[in-house]
Amino acid sequence: MDVLFSGKKALIVGGTSGIGLSIARELEREGALVSIVGRTAVSGMDVSLLDLNLSQNCVKVLEMAGVCDILVVARGPFMQATLDETTPEAWESLVFSNLVFPGQLVSAALPSMRSNHWGRILLFGGTRTDRIRGFRTNAAYAAAKTGLSSLVLSVAEEYAKEGITCNALCPGFVDSPLLDSTERIRLQQKSPGATLISVREVTETALFLIKSAAINGTVLRIDRGWAPSFV
């Protein structure tokens, strides 16, 4: 057990499968008191089953964030469409889910973290959204995720003196249990070395960032150097 996490309250939003669940289990194994928000039950874990497409449920999660020491936002609905195919409703939904709500969670968590002079925040961007780039078929999603970089840097700049760190990971193509066989093969063919990134690799990097007091304001690609030229 890691003494650093012993008794710390961790909130994992989007933690009932894949990367979020893996991080939640590791934090619990290392002594954190873990609460998960998601849409499916997980045996042996404290899960709040909430549909975050409903505003009243978002308010409940903001209240949970207000008492956490560790905040991980591993949720971010994806949509692939060209800009002329992206409806106003899709824009609103994507930006809220991938930027506005994570930002609200961060704002809700900071007062308690400041009082405790300790806090860890980990957000998740999208593939290659660590800096401003153009995207042909997922521009709305990428624009929202790219905005997280500014949020990460802003938290680090203002709250480092309070013992709070904020970082983000931008995974590439991950071998998620949510992939069907067709999608797994398609993503393997696009990946460097024709190999998907494992959930374990992302989890290990996430825990490294959460443990570190020195790494702050970092938006880290974990994609084996993927670029569109690999397609």
_Being closer than 22 Å to VAL202 by Cα, part of a helix (DSSP H, G or I) and of a type in the set (Gly, Ala, Ser) is the filter here; which residues of segment 151-181 pass it?_
ALA156, SER181
*Are there any pairs, at least 6 apart or on different chains, whose C-beta atoms fall under 8 Å, with the first in segment 104-119 and of a type in the set (Ser, Thr, Tyr) and the second surrounded by fewer than 19 Cβ atoms within 10 Å (Cβ to Cβ), and if so, which?*
SER112/GLY66; SER112/VAL67
*Of the numbered conditions (1) crowded, with 21+ Cβ neighbours inside 10 Å; (2) part of a strand (DSSP E or B), MET113 fails exactly one; give the number of that condition.*
(2)
*Can you tell me which residue within segment 122-145, out of those that are assigned to a helix (DSSP H, G or I) and either among the aromatic types (Phe, Trp, Tyr) or within 21 Å of GLY20 (Cβ to Cβ) (or both), is nearest to the chain's Cα centre (by Cα)?*
LYS145
*asked:* For a quick check of your reading of the model, give me the residue pairs whose first member lies in segment 66-81 and is more than 26 Å from PHE135 (Cα to Cα), whose second is among the acidic types (Asp, Glu) and in a loop (DSSP other than H, G, I, E, B), with beta-carbon atoms closer than 7 Å and at least 6 apart or on different chains.
replied: none
*Select, from LEU179, LEU169, the only residue that is crowded, with 19+ Cβ neighbours inside 10 Å, of a type outside the set (Phe, Trp, Tyr) and closer than 30 Å to THR40 by Cβ.*
LEU169
*Quick one: LEU11 ticks every box in (1) surrounded by fewer than 17 Cβ atoms within 10 Å (Cβ to Cβ); (2) assigned to a strand (DSSP E or B) except a single one, so which number is it?*
(1)
_Considering only segment 85-102, I want to know if a residue exists there that is assigned to a loop (DSSP other than H, G, I, E, B) and surrounded by fewer than 15 Cβ atoms within 10 Å (Cβ to Cβ)._
yes
*What number goes with the only condition from (1) under 30 Å from GLY7 (Cα atoms); (2) touching a residue at least 12 places away in the same chain (Cβ under 8 Å) that ASP130 does not pass?*
(1)
*Check segment 188-195 and report whether any residue there is in contact (Cβ under 8 Å) with a residue 24 or more places away in the chain, of a type outside the set (Gly, Ala, Ser) and either crowded, with 17+ Cβ neighbours inside 10 Å or part of a helix (DSSP H, G or I) (or both).*
yes
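Here, each number is a calculation from the coordinates, and none is a lab measurement. What you see is a predicted model; the values in this text were computed from it and never measured. No Cβ is skipped: glycine too gets one built from the backbone with ideal geometry, and neighbour counts run over all protein chains shown.
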